[in-house]
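All remarks here apply to the structure that follows.
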Amino acid sequence: MSTLSDNLLVFAILGYLIAMMLHASEYSLAGKRRTAAAPAEERVLVGAGGPPVAVQPDAGSPADAPDESDTAGPAGPDLGTRLGGWAVYATGLAVLLHLGTVVTRGLAAERMPWGNMYEFVLAVTLVGGAAWLAVIVRLPKLRLLGLPLTVVQILLLGFAGLVLYTQITPLVPALQSYWFVIHVTSVVTASGLLLVGFVPAAMFLVRDGYDKGRVRFPYTLGARLPKAEALERLTFGLHAFAFPLFTFGVAAGAVWAEAAWGRYWGWDPKETWAFISWVVYAGYLHARSTPSVNRRVVMWIAVLGFLTMLMNLFGVNFFFTGLHSYAGVE
């Protein structure tokens with residue numbers, strides 16, 4: 001089962017890669033439009049005292065010439081729409097392979113498959129992929145966000161497979177508790193949703209800069225992104241749903257810490273960074289509900305929140321030692 005899980009991870013990454021390329025193709029075609037040639041106006045001859053006579057233009061007249069803007073041919077919006085649809089199907093296939101990776105890893109380990117940093121990243125990105133599919137079913141007009149989303153998925157899964165991978169080992173005694181399922185499941189779910197929420201927040205900054213006339217990279221990419229208002233609403237919806245889950249996860253961790261170590265809070269590096277992330281995301285929701293706060297500032301807070309999550313996931317495990325040092329990597 002462990003070997004099958006490893007192989008499925010490779011296929012899942014390939015699935016996300018295919019989806020990314022299809023989304024990139026859709027993005028490159030999104031600005032092209034096919035314009036049907038305007039019907040030629042009929043010339044009317046009015047005879048002296050006779051009824052008007054309609055005269056069709058000559059075959060070689062300029063009115064019958066093809067419109068020069070109709071140059072997209074088959075690579076117009078029809079093809080772009082099809083590529084976008086195929087990208088969604090490819091993402092769905094990748095998520096299924098991703099699910100198989102996590103499930104077979106859990107079967108091989110005979111436990112919930114998030115006992116180390118490699119497994120945690122697999123689980124978080126799985127939630128992110130599934131959440132994105134749910135978003136795209138509900139809001140198909142935001143499909144172009146699949147391009148940055150699949151890029152993030154590929155980077156995280158590639159890093160997990162190349163750097164974080166570790167052989168299956170039994171859980172350390174501190175993790176052998178029912179709180180392992182409650183605490184980690186809630187944090188994994190919230191982290192996956194916040195991962196998806198990071199994408200529209202970052203793309204909002206690009207689109208908003210483009211709308212304000214900024215012409216340098218990356219703002220030039222904003223021309224074909226969804227409207228800034230739609231990106232802002234999606235960002236808020238995902239964060240509003242994920243924040244209570246994350247809050248519950250932190251609280252459950254504190255209860256578990258009291259049962260395992262005799263104290264609710266000890267300012268362990270991971271506890272500290274979880275608290276920092278919680279404060280930043282609480283600040284985002286507060287700023288978003290305050291009309292006087294500029295929306296760009298609000299989105300920057302959301303981006304900062306995800307960066308603190310990455311620090312908590314990777315930085316703490318690589319650069320600090322504490323009671324939560326279960327990364328499984330040296």
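The values are calculated or read from the model by the stated rules, or taken from the named source; none is laboratory data. What you are looking at is a predicted structure, and each value in this text was computed from that prediction instead of being measured. Every residue, glycine as well, gets a Cβ built from its backbone with ideal geometry; the counts of neighbours run over all protein chains shown. For accessibility, only protein heavy atoms count, side chains too; no ligands or nucleic acids. Shrake-Rupley method; radii C 1.70, N 1.55, O 1.52, S 1.80 Å.
For the reader, a short list of remarks on this structure follows.
- All positions within the stretch 269-297 that are in contact (Cβ under 8 Å) with a residue 24 or more places away in the chain and hydrophobic (A, V, I, L, M, F, W, C): Trp273, Ala274, Phe275, Ile276, Trp278, Val280, Ala282, Leu285
Listed here are the residues, each with its yes/no results for (1) at pLDDT 90 or above; (2) over 16 Å from Leu195 (Cα atoms); (3) in contact with a helix residue (DSSP H, G or I) (Cβ under 7 Å, 6 or more places away or on another chain).
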residue: Glu110; (1), (2), (3): no, yes, no
residue: Gly115; (1), (2), (3): no, yes, yes
residue: Leu122; (1), (2), (3): yes, no, yes
residue: Gly128; (1), (2), (3): yes, no, yes
residue: Leu133; (1), (2), (3): yes, no, yes
residue: Val137; (1), (2), (3): yes, yes, no
residue: Arg143; (1), (2), (3): yes, yes, yes
residue: Ile154; (1), (2), (3): yes, no, yes
residue: Gly161; (1), (2), (3): yes, yes, yes
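- Pairs where the first residue, in the stretch 1-28, is over 14 Å from Gly106 (Cα atoms) and the second is loosely packed, with under 15 Cβ neighbours inside 10 Å, C-beta under 8 Å, 6+ apart: Ile13/Gly158; Glu26/Thr81
- Evaluated against (1) open to solvent by less than 40 Å² (accessible area, probe 1.4 Å); (2) more than 25 Å from Leu17 (Cβ to Cβ), Thr185 falls short on exactly one condition, (1).
- Among the residues of the stretch 74-108, those identified as modelled with pLDDT under 90 and open to solvent by 40 Å² or more (accessible area, probe 1.4 Å) are Pro74, Pro77, Asp78, Leu79, Thr81, Arg82.
- Looking across the stretch 273-289, the residues that are open to solvent by 40 Å² or more (accessible area, probe 1.4 Å) and under 20 Å from Phe314 (Cα atoms) come down to Trp273, Phe275, Ile276, Trp278, Val279.
- Selection of first residues in the stretch 202-231 that are more than 21 Å from Tyr284 (Cα to Cα) and open to solvent by less than 20 Å² (accessible area, probe 1.4 Å) and of second residues that are basic (Lys, Arg) and in a helix (DSSP H, G or I), restricted to Cβ pairs under 8 Å at least 6 apart or on distinct chains, gives the following pairs, ordered by first then second residue: Gly222/Arg207; Leu225/Arg207; Pro226/Lys141; Pro226/Arg207.
- Test: Arg263 is over 30 Å from Leu142 (Cβ atoms) and open to solvent by 30 Å² or more (accessible area, probe 1.4 Å): yes
- Scope the stretch 277-318; condition among the small types (Gly, Ala, Ser) and touching a helix residue (DSSP H, G or I) at 6+ places or on another chain (Cβ under 6 Å); matching residues: Ser277, Gly283, Ala287, Ala302, Gly305
- Tally, over the stretch 148-179, of residues that are open to solvent by 40 Å² or more (accessible area, probe 1.4 Å) and closer than 19 Å to Leu97 by Cα: 5
- Test result for Phe198, out of contact with any Leu (no Cβ under 8 Å at 6 or more places or on another chain) and crowded, with 22+ Cβ neighbours inside 10 Å: yes
- The residues in the stretch 112-135 that are charged (D, E, K, R) and surrounded by fewer than 23 Cβ atoms within 10 Å (Cβ to Cβ) can be counted, and the count is 0.
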